[in-house]
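**Student:** Mind having a look at this structure? Questions to follow.
Bear in mind these aren't lab numbers, they're just calculated from the coordinates by the rules spelled out. Model, not experiment: these values are computed from the prediction. We place every Cβ from the backbone using ideal geometry, glycine too, and count neighbours over all the protein chains shown.
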Amino acid sequence: MTEDATDPVVVHELQLQRSSWVPNNPKLSVLIYRRALSAAAGSKSFEHLFASNGWTGIWRNGIFTYDHYHSGAHEVLGIARGSAKLLLGGPAGKEIDVAAGDCLILPAGTGHRNLGASADFSVVGGYPPGQHADILTSAPSREQLLTIAELSIPSSDPIEGADGYLVRAWRRD
């Protein structure tokens, strides 16, 4: 449990197969952390947590309302405020509901889209050191598929640090 959470963190894994033009990740599962922080924690708490665990390129915004994925980076998405219904995995993917305090870690190649959100919906995102997110909205090239498959596993979980769930799960996958 993180210092700001009131309940234990519950982590769900979601393995996604290729969906239409969205490659998803052939090896790594999406990690969904329910109640990573308390619903009242806010943006600064996510920013501090991600940075203290070595994640970089930290930003605040929302999630695009069109399917897209990144070939050059894994991505963490901390739900700082509000709630949303997201589509993970591309056009034939899986719909999930997220709320303030939840966190998603998307392996490179994972399609994601905002299907609808509350007016106050706000996200804090970031990337492992040395990784840079492109925004892709069409089928990947052979080179992009290779980049997705060979992208290094982060040495630290953005929520739980060096011994966190991500490190154990993605090394197992």
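**Student:** Between residues in the stretch 126-139 that are under 14 Å from Phe50 (Cβ atoms) and residues that are β-branched (Val, Ile, Thr) and surrounded by 20 or more Cβ atoms within 10 Å (Cβ to Cβ), which pairs lie under 7 Å by C-beta distance while being six or more apart or on different chains?
**Tutor:** Gly126/Val76
**Student:** Can you tell me which residues in the stretch 49-62 are over 19 Å from Ser155 (Cβ atoms) and not hydrophobic (A, V, I, L, M, F, W, C)?
**Tutor:** Within the stretch 49-62, the subset over 19 Å from Ser155 (Cβ atoms) is 59-62.
Once the filter is applied, which keeps residues that are over 19 Å from Ser155 (Cβ atoms) and not hydrophobic (A, V, I, L, M, F, W, C), the stretch 49-62 yields Arg60, Asn61, Gly62.
**Student:** So which residues in the stretch 160-173 are outside any loop (DSSP other than H, G, I, E, B) and without any contact (Cβ under 8 Å) to a residue 12 or more places away in the chain? Steps first, answer last, please.
**Tutor:** First pass over the stretch 160-173, keeping only residues outside any loop (DSSP other than H, G, I, E, B): 161, 165-172.
Those that are outside any loop (DSSP other than H, G, I, E, B) and without any contact (Cβ under 8 Å) to a residue 12 or more places away in the chain: Arg168, Arg172.
Let's see how each residue does on (1) aromatic (Phe, Trp, Tyr); (2) in contact with a helix residue (DSSP H, G or I) (Cβ under 9 Å, 6 or more places away or on another chain); (3) not in a loop (DSSP other than H, G, I, E, B):
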| residue | (1), (2), (3) |
| --- | --- |
| Ala40 | no, no, no |
| Phe50 | yes, no, yes |
| Gly57 | no, no, yes |
| Arg60 | no, yes, yes |
| Phe64 | yes, no, no |
| Ala73 | no, no, no |
| Ile79 | no, yes, yes |
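**Student:** Right, here's the next one. Taking the stretch 134-149 as the region of interest, how many residues are within 21 Å of Gln15 (Cβ to Cβ) and surrounded by 13 or more Cβ atoms within 10 Å (Cβ to Cβ)? Even if it seems obvious, please write down each step before you answer.
**Tutor:** Taking the stretch 134-149 as the starting set, the residues that turn out to be within 21 Å of Gln15 (Cβ to Cβ) are 136, 139-140, 144-149.
Going one step further and asking which of them are surrounded by 13 or more Cβ atoms within 10 Å (Cβ to Cβ), we end up with 136, 140, 144-145, 147-149.
The number of residues fulfilling the criteria is 7.
**Student:** Further, regarding this structure: Of all residues in the stretch 112-133, count the ones that are assigned to a strand (DSSP E or B), of a type outside the set (Gly, Ala, Ser) and under 23 Å from Val9 (Cα atoms). Spell out how you get there, then give the answer.
**Tutor:** Step one: list which residues in the stretch 112-133 are assigned to a strand (DSSP E or B), which gives 112-117, 122-127.
With the extra rule that they be of a type outside the set (Gly, Ala, Ser), the set shrinks to 112-115, 123-124, 127.
Those still in the list that are under 23 Å from Val9 (Cα atoms) too: 112, 123-124, 127.
The number of residues fulfilling the criteria is 4.
**Student:** In the list Asp120, Asp157, which residue meets the criterion of being touching a residue at least 12 places away in the same chain (Cβ under 8 Å), acidic (Asp, Glu) and either under 20 Å from Ser29 (Cα atoms) or in contact with a Phe, Trp or Tyr (Cβ under 8 Å, 6 or more places away or on another chain) (or both)? Steps first, answer last, please.
**Tutor:** Values: Asp120 fails: either under 20 Å from Ser29 (Cα atoms) or in contact with a Phe, Trp or Tyr (Cβ under 8 Å, 6 or more places away or on another chain) (or both).
Among Asp120, Asp157, only Asp157 is touching a residue at least 12 places away in the same chain (Cβ under 8 Å), acidic (Asp, Glu) and either under 20 Å from Ser29 (Cα atoms) or in contact with a Phe, Trp or Tyr (Cβ under 8 Å, 6 or more places away or on another chain) (or both).
**Student:** When you go through (1) assigned to a loop (DSSP other than H, G, I, E, B); (2) surrounded by fewer than 18 Cβ atoms within 10 Å (Cβ to Cβ); (3) within 15 Å of the chain's Cα centre (by Cα); (4) not polar (S, T, N, Q) one by one for Ala36, which number turns out not to apply?
**Tutor:** (2)
**Student:** May I ask you to say which residue of Gly109, Gly90 is at positive phi, buried (at least 16 other Cβ atoms within 10 Å of the Cβ), more than 12 Å from the chain's Cα centre (by Cα) and assigned to a loop (DSSP other than H, G, I, E, B)? So that I can check it myself, show each step before the final result.
**Tutor:** Details: Gly109 fails: more than 12 Å from the chain's Cα centre (by Cα).
The conditions single out Gly90.
**Student:** Need pairs with beta-carbon distance below 7 Å; first residue free of Cβ contacts under 8 Å to residues at least 60 places away in the same chain and at negative phi and within the stretch 28-54, second surrounded by 20 or more Cβ atoms within 10 Å (Cβ to Cβ) and among the hydrophobic types (A, V, I, L, M, F, W, C); sequence gap 6+ or separate chains.
**Tutor:** Ser45/Leu37
**Student:** Of the residues Ala119, Ala108, Ala73, which is among the aliphatic types (A, V, I, L, M) and in contact with a Ser or Thr (Cβ under 8 Å, 6 or more places away or on another chain)? If you could, list the steps in order and put the result at the bottom.
**Tutor:** On the way: Ala119 fails: in contact with a Ser or Thr (Cβ under 8 Å, 6 or more places away or on another chain); Ala73 fails: in contact with a Ser or Thr (Cβ under 8 Å, 6 or more places away or on another chain).
Matching residue, one of Ala119, Ala108, Ala73: Ala108.
**Student:** Given the conditions (1) assigned to a loop (DSSP other than H, G, I, E, B); (2) of a type outside the set (A, V, I, L, M, F, W, C); (3) touching an Asp or Glu at 6+ places or on another chain (Cβ under 7 Å), and given that Ser45 satisfies all but one, which numbered condition is not satisfied?
**Tutor:** All conditions are met except number (1).
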